[in-house]
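Accompanying notes for the structure given below.
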Amino acid sequence: MSFFKYLKTITVSTMSFVITIALIGGCSSQQKGEIGNQDAASKVYVAPGQHDEFYSFMSGGWSGNVSVYGIPSGRHLYSIPVFSQAPINGYGYTEETKAMLNTSFGFIPWGDTHHIQPSKTNGDYDGRWVFINDRNTPRIARIDLKTFRTDEIIEIPNTAGQHSSAFCSSNTEYISANTEYSIPLDKPLGNGVDVPISSYKENFHGTVSLIKVNQETGEMNIGFQIQVPPFDYDLGRFGLGVSKDWVFYTMYNTEEAHTLLEVNASQKDKDFVLAINWKKAEQAAADGKGQVVDANYDHNMRDHETGIAKTEVMKQVRVLKPSDLEGAIYYMPAPKSPHGINVSPDGEYISEGGKLSTVVPVQSFSKMQTAIQNNDTTGSIKGIPILKYESVLAYEVKNAGLGPLHIEYDGQGHGYNSDFISSEIVKWDLKTGEVLDRHPAYYSTGHLTVAGGDTRHPYGKYLIALNKITKDRYLPTGPEMYAGEQLFDISGDKMKLLLDFPVEGEPHNAAEIEASLIDSAQVKFFKLSDNKNPYVTRNEHDTKVVKDGNRVDVYMTAIRSHFTPDNIEGIKVGDTVYLHVTNIEQEWDIPHGFAMKGNRNAGMLIIPGETRTIVWKPQSPGIYPFYCTDFCSALHQEMQGYVRVSPANSNVPIKYGTNKDI
Ligand code: RUQ
Ligand code: CUA
């Protein structure tokens, strides 16, 4: 059947499925899952004052951030600002955090997050960091789990549509990132970037990037890149256990199409999984293989002393070619246009969601090693040998549903795949591929996440379907609705639907970490004595207003329930005012907010012990009130003040104070 016909068939079947569901309406117990069931309710009930068992970190998709949920309750605990400015606390607006969003393209206040990966030790989560990618502006962020804050963002050069990222190796040695959209590269890697689009085959290239993580500090640096053929590298996973030295990526568009990919990149029957022995690649880079080329990318880090983000402009990167990696890089055929990929807890099975096929192929790592030894190949592409499909295949999961996208494992010998088109979750035996159970999902599941599902020891217990379409699952909110997640109990033979809950943006994937790995290590406030911000004010006696030409620095403190100073005069139109506010509280959960009338900027939230700075350029003379935005005490309303702004040519002197006439 031609692809177009195929597409029509799947569209029609999706439609009729959706229509069927819509017709069944509210009266179907199946559609409502097992929610009405007391037993299901008690499984997700977390009593008031009690805590959830797991943190779920969900990529926020086009929100550019990460959302944190409690599982099993599905309660939204927090959203971590990452690639997008966050008016909720001033991230990306304050002077301390703005540099976090610098890129070689300039300041970019938005991102598209896709894949969350927690740091690991010996293949299990260790609760130190989570990493996440921005697909549009190729960047990777590291979030510290003691503070739930973005501490570092590194841009990835020679890359576009950075989708197969940010995957993490067994001991967090590397985070991996790739090109999905191949692009032309500057000399000496390519022929330059200003080339006709029609010269795709000659001039476009893909890259794989391995980002080295410092084990003490978490700091990321690009270890090396590998230049690969111009296919679309889609998703990836590092091996575990026996395969831990390897990393695997799905890819499509071996047709090398550059237009109407839905048809032109679906011509061939098979695409590939790219398998790289990263240990050997690391050795090749250490031996000086490949070449160090000019590059231009930003590396932003929060300075641990001052708390202020700084940008370092990076100028070089080492790039290897497949010819530098003999015996360390292979293609394994996969059914056309595969999407998700995952590796079983023991590292032996590698399975992909062949989204345009109905089977899930499962490759065997040991068979792959034998095939490599026997040179069991069917040719090569640009120096990358292609292993024989049959030689590396363990089995195909038949009846895996329509449009299999993602796979997870539960550590009890089962695999699970999601189906976008037939909207279901299918459970199978990991040794044989025999289908054991299937359950409808509402609707169109993309990623799946089993608690701890990509580790050596999955917690199992729960599976979350990250659905792309919400339709009628909640009270409608106009034409735009949040995405819907569904929590399944997978502890028994049959999957049981326990709970629906909505999430912000489009969560492409998620990771559940045992709460006990994270909760006891939380930072509750910052020690004022450790605050090395150059504009810190540690007590009210040291507050001041300093004018130097048109620049005014206000050194202010906040404590329940007043600012010092709270009356300021002598500021003129044309001045640039830096409002440095230090929260001098030393107690958990007592932030103060700060907002200035007429400021063309966000407000800010200041955590105890920290200093935050917002810039204000008053536009016209007048009295400008400011106030605390966070209800911090019974006298929170009273936490306010006034700034007098005079005309540019006035001679009102700088005066400031609290509880006195200035
Ligand atoms: S994706 S729905 Cu961006 Cu991970 Cu698969
Ligand atoms: Cu401080 Cu309200």
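The values are calculated or read from the model by the stated rules, or taken from the named source; none is laboratory data. What you are looking at is a predicted structure, and each value in this text was computed from that prediction instead of being measured. With ideal geometry, Cβ positions are generated from the backbone for all residues, glycine too; neighbour counts draw on all protein chains shown. Protein only, heavy atoms only, side chains kept; ligands, DNA and RNA dropped before computing areas. Shrake-Rupley method; radii C 1.70, N 1.55, O 1.52, S 1.80 Å.
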Selection from HIS508, ALA558, VAL643 lying farthest towards where the dipole of the chain points positive, charges on Cβ: VAL643
Surface accessible to a 1.4 Å probe, per residue, for the residues of the stretch 529-662, Å²: 48
The stretch 294-388 - charge dipole about Cα centre, Lys and Arg +1 at Cβ, Asp and Glu -1, debye rounded to 20: 380
Among 294-302, 464-472, the order from most to least packed when residues are scored by Cβ within 10 Å on average: 464-472, 294-302
Assigned charges on the beta-carbon of Lys, Arg, Asp, Glu; the stretch 528-657 dipole about Cα centre (debye): 600
Under 5 Å, built H, 5+ apart or other chain: amide partners of GLU585: GLY609
Under 5 Å, built H, 5+ apart or other chain: amide partners of ILE381: ILE386
FRET E, pair LEU260, THR217, Förster distance 41 Å, beta-carbon r, rounded to 0.05: 0.35
Debye equation applied to the C-alpha atoms of the stretch 333-413, log10 I(q)/I(0) at 0.13, 0.24 Å⁻¹: -0.42, -1.16
3J(HN,Hα) from dihedral phi, the stretch 473-479, Karplus parametrisation 6.51/-1.76/1.60, rounded to Hz, x for glycine, proline: 6, 10, 4, x, 10, x, x
Segment ILE662-ASN550, extension gain: residue separation times 0.36 nm, minus the distance between their alpha carbons: 38.2 nm
5 angstrom amide H check on ALA483, placed H, neighbours 5+ away: VAL503, GLY505
Whole-angstrom gap from the stretch 106-170 to the stretch 372-447, using each part's C-alpha centre: 26
Simple spin-label estimate for LEU635 and GLN316 in nanometres, 7 Å along Cα-Cβ: 6.0
Square roots of 5 times each gyration tensor eigenvalue, C-alpha, the chain, largest first, Å: 47, 31, 22
Per-residue ³J(HN,Hα) for the stretch 217-224, Karplus 6.51 cos²θ - 1.76 cosθ + 1.60, θ = phi - 60°, Hz, x for Gly and Pro: 9, x, 4, 9, 8, 5, x, 6
Simple spin-label estimate for LYS494 and ASP294 in nanometres, 7 Å along Cα-Cβ: 6.6
Charge dipole magnitude, Cβ of K and R +1, D and E -1 - the chain, Cα centre, debye nearest 20: 840
DSSP beta bridge pairing in the stretch 478-632, given as percent antiparallel to the nearest 5: 75
Alpha carbon centroid spacing (whole Å) that separates the stretch 523-597 from the stretch 243-310: 44
Under 15 Å from the Cα of LYS212 - aspartates and glutamates, other chains or at least 8 residues apart: GLU152, GLU155, GLU173, ASP245, GLU282
Structure-based [θ]222 nm, the chain - -39500 (n - 2.57) summed over DSSP H runs of at least 4, per residue, nearest 500: -2500 deg cm²/dmol
Packing-based order for 584-597, 473-486, using average beta carbon neighbours within 10 Å, highest first: 584-597, 473-486
Percent of C-alpha pairs per 5 Å bin, the stretch 528-657, short to long: 2, 12, 22, 25, 20, 12, 6, 2, 0, 0
Sorted peptide list for 313-324, 257-268, 39-50, criterion being average Cβ within 10 angstrom, highest first: 313-324, 257-268, 39-50
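Past 30 Å, Cα to Cα, is the threshold; run LYS336/LYS461; LYS120/LYS310; LYS336/LYS367 against it and keep the listed order. All intermediate terms of the calculation are to be shown ahead of the outcome.
Numbers: LYS336/LYS461 32 Å; LYS120/LYS310 27 Å; LYS336/LYS367 21 Å.
Too far apart for the 30 Å limit: LYS336/LYS461.
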Largest-first ordering by accessible area, 1.4 Å probe, given options ILE425, ILE607, ILE88: ILE88, ILE607, ILE425
Point-to-point label distance, TYR45-ASP346, nm (Cα→Cβ direction, 7 Å offset): 4.0
